[in-house]
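To start, the structure itself, in structure tokens.
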Amino acid sequence: MLVWQNMHTHTHRSNFGGRDSTIANTVAEAESVGLTLIGVCDHIDEPESGREPLILENMKERDELDTPVRVLIGSEVSMNAPDQPAVKPEIMATWDYVVISANHFHLPCVSQPDERTEEGYADHFLTMAEGAVRYGASIIPHPFSYIGVRTMENGREIDWPRLMAAYDMNRVRRLFAEAAAKGTAFEINPGRLGIMPEFFRKIIRMGRDEGMKFSLGSDGHHPGQMHYGGTEKIAAIESQLQNLGVLETDICSSYAPRACTA
């Protein structure tokens, strides 16, 4: 079985989180489809935002539950610049795990590429992801097929094949080797795999070759998203992952904040 975890869920404490998106409801959804490991990672996007206590509130709610599901609590932290995560490493180290986003380019607090082109965003994502690995990410979420924005220079729509072709695959391989050495996983979001499946087939092989693991996550903000849409949808995701060449041994099972080497 490949789909036994969801390491990227949010509660009502995140922007755009549904009112019913509580720890208890998320766990109940996980139980309903047999997930055994989930991660809750509410957003912290800006330094000195004062949101760190919300992570402790999530831990408190988690600790009050009686569930067979293993529940990790951390945060989805935005990289504001290649050398500036929104939260200090010593604070991230106190959580169960940390998801560090390297492509929240829709946020005003996040540095932008010099050129708002597919090539510019691809290059800047890799630079930000390299920083996220150095700063101890457990997981790099929604990589490659998400950049937070939908338009490029002059307001034109993003050209997805052009974006995928813009990634320097030699640099990606080096990044995967660094991630493997640190124990950082790259996320597979089943909802994004329909964009250029051949690209992701290559990514999965390359990650495996470098000894890197992948996490699974839905980026769920609302009830119904925490369990990937239910058992029938999970069966379809299983088939999709198998077709992309994902093996059970590719899926990460050990998450924790990694030592900062920045």
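Where a number appears in this text, it was derived from the coordinates with a stated rule and is not lab data. Small disclaimer: the values here were computed from a predicted structure and weren't measured. Note that each Cβ is placed from the backbone with ideal geometry, even for glycine, and that neighbours are counted across all protein chains shown.
Some observations on this one:
- With N counted as the residues of the stretch 193-244, its alpha-carbon radius of gyration over 2.2 N^0.38 Å works out to 1.28.
- Of the GluC sites (Glu not before Pro) in the stretch 229-262, not one is in a loop by DSSP (not H, G, I, E or B) with at most 16 other beta carbons within 10 Å.
- Neighbour counts of C-beta atoms inside 10 Å place THR184, THR151 in the sequence THR151, THR184, starting with the fewest.
- Share of alpha-carbon pairs per 10 Å distance bin for the chain, given as whole %: 7, 32, 38, 20, 2, 0
- Between ARG192 and ASP63, the FRET efficiency estimated from the beta carbon spacing at R0 = 41 angstrom works out to 0.80.
- Rg and Dmax of the stretch 173-262, both derived from C-alpha coordinates alone, stand at 13.9, 43 Å.
- Quarter of the Cα convex hull surface for the stretch 6-120, i.e. its orientation-mean projected area (nm²): 8.2
- Shown for LYS233, LYS60, LYS213: other C-beta atoms within 10 Å of each C-beta, ranked fewest to most, produce the order LYS60, LYS233, LYS213.
- Summary value for the chain: 24 percent relative contact order, contacts being C-alpha pairs under 8 angstrom separated by 6+ residues.
- Modelled spin labels at CYS109 and SER239, positioned 7 Å past Cα toward Cβ, are 4.2 nm from each other.
- Summed side-chain charge close to LEU56 - residues other than LEU56 whose Cβ falls under 14 Å, Lys, Arg +1, Asp, Glu -1: -3
- Once the Cα-Cα distance is subtracted from the 0.36 nm per residue extended length, the ALA181 to SER32 segment shows a gain of 50.1 nm.
- Most fluctuating residue given options PHE214, PHE16, PHE105, as computed from a GNM of the chain linking Cα atoms under 10 Å: PHE16
- Summed side-chain charge close to ALA93 - residues other than ALA93 whose Cβ falls under 13 Å, Lys, Arg +1, Asp, Glu -1: -1
- In terms of other Cβ atoms within 10 Å, ARG205, ARG19 run from fewest to most in the order ARG19, ARG205.
- Calculated mean residue ellipticity, 222 nm, the chain: -10500 deg cm²/dmol, from DSSP H runs (n ≥ 4) at -39500 (n - 2.57) each, averaged per residue and rounded to 500.
- Cβ-defined net charge surrounding MET196, 12 Å radius [Lys, Arg +1; Asp, Glu -1]: +2
- With both labels modelled 7 Å from their Cα along Cα-to-Cβ, the ARG70 to ARG19 distance reads 3.5 nm.
- Fluctuation leader among GLY131, GLY155, GLY34 - the chain, Gaussian network, Cα springs under 10 angstrom: GLY155
- Annotation: extensible slack from SER254 through GLN84 equals 58.7 nm (criterion: 0.36 nm per residue apart, minus Cα-Cα distance).
- Overall form of the stretch 114-235 per C-alpha gyration tensor (a/c, 1.5; a/b vs b/c): oblate
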